[in-house]
1. Using helices alone, I'd like the mean residue ellipticity at 222 nm for the chain: each DSSP H run of four-plus residues gives -39500 (n - 2.57), total over residue count, nearest 500.
2. Looking at the chain as a GNM with Cα springs under 10 Å, which of Ser63, Ser107, Ser71 has the largest mean-square fluctuation?
3. Can you tell me what percent of all Cα-Cα pairs in region 34-155 are more than 24 Å apart?
4. Hey, quick one: spin label on Arg25, modelled 7 Å out along Cα-Cβ, who in region 75-111 has an amide N within reach, i.e. under 16 Å?
5. As a footprinting exposure proxy, order Met9, Met73, Met1 by other Cβ within 10 Å, with the fewest listed first.
Amino acid sequence: MVCRGMLLMLERAGQITLPAVSYVRHSPLAKRARPAPVFIDTTPVEGSLHQIQPLELAQVRRSGDEPLFNSLMEEHHYLGYEQPVGEHLKYLVWAQGRPIACLAWSSAPRHIGSRDRYIGWNQEARRRNIRFIAYNTRFLTLPWVRVMHLASHILGKRDPLQPGFPRCAAVQ
């Protein structure tokens, strides 16, 4: 890949001419359309956490609100939107009938030596417990939302009415 990148760079700089591409691998993901912009109310949400409560956490994967989540991530998150690989969850946080934040969680990579050593897992412990780890792959507080401590409140939320809300914790 390093050599390929160097050759492409040299060609773009006009230093060499590469032969025409003879084979293009079919990849449906390469041609995936970016999420379409969704127009929502962007008037500022300001005040204290108490003033905007109650907050509603809604899982939106495979729901009518998933395009809204995808669009907000694409437009406002610095990494944009990428279709997650493997098991994943998508949540929208609502306040007063408006979306104010987005969270995405993905299943943990199987083998990360530094993580496994930190937790104290051997191969058998990792095999038994990897299913209990979720990674917070995206977190977005929408740019027009200015509420002190909102992000900490959302990430620390333990709502008994939503027992499936993932936590970033290793279970040994």
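Nothing in this text is a laboratory measurement; each read-out follows from the coordinates by a stated rule. Note that the structure is a prediction, hence the values are computed from the model and not measured. Positions of Cβ are generated from backbone atoms using ideal geometry, with glycine treated the same way; all protein chains shown enter the neighbour counts.
1. -7000 deg cm²/dmol
2. Ser63
3. Details: 2722 of 7381 pairs.
Of the Cα pairs, 37 percent sit more than 24 Å apart.
4. None, by backbone N distance to the label point.
5. Numbers: Met9 11, Met73 19, Met1 5.
Ascending Cβ contact count within 10 Å gives the list Met1, Met9, Met73.
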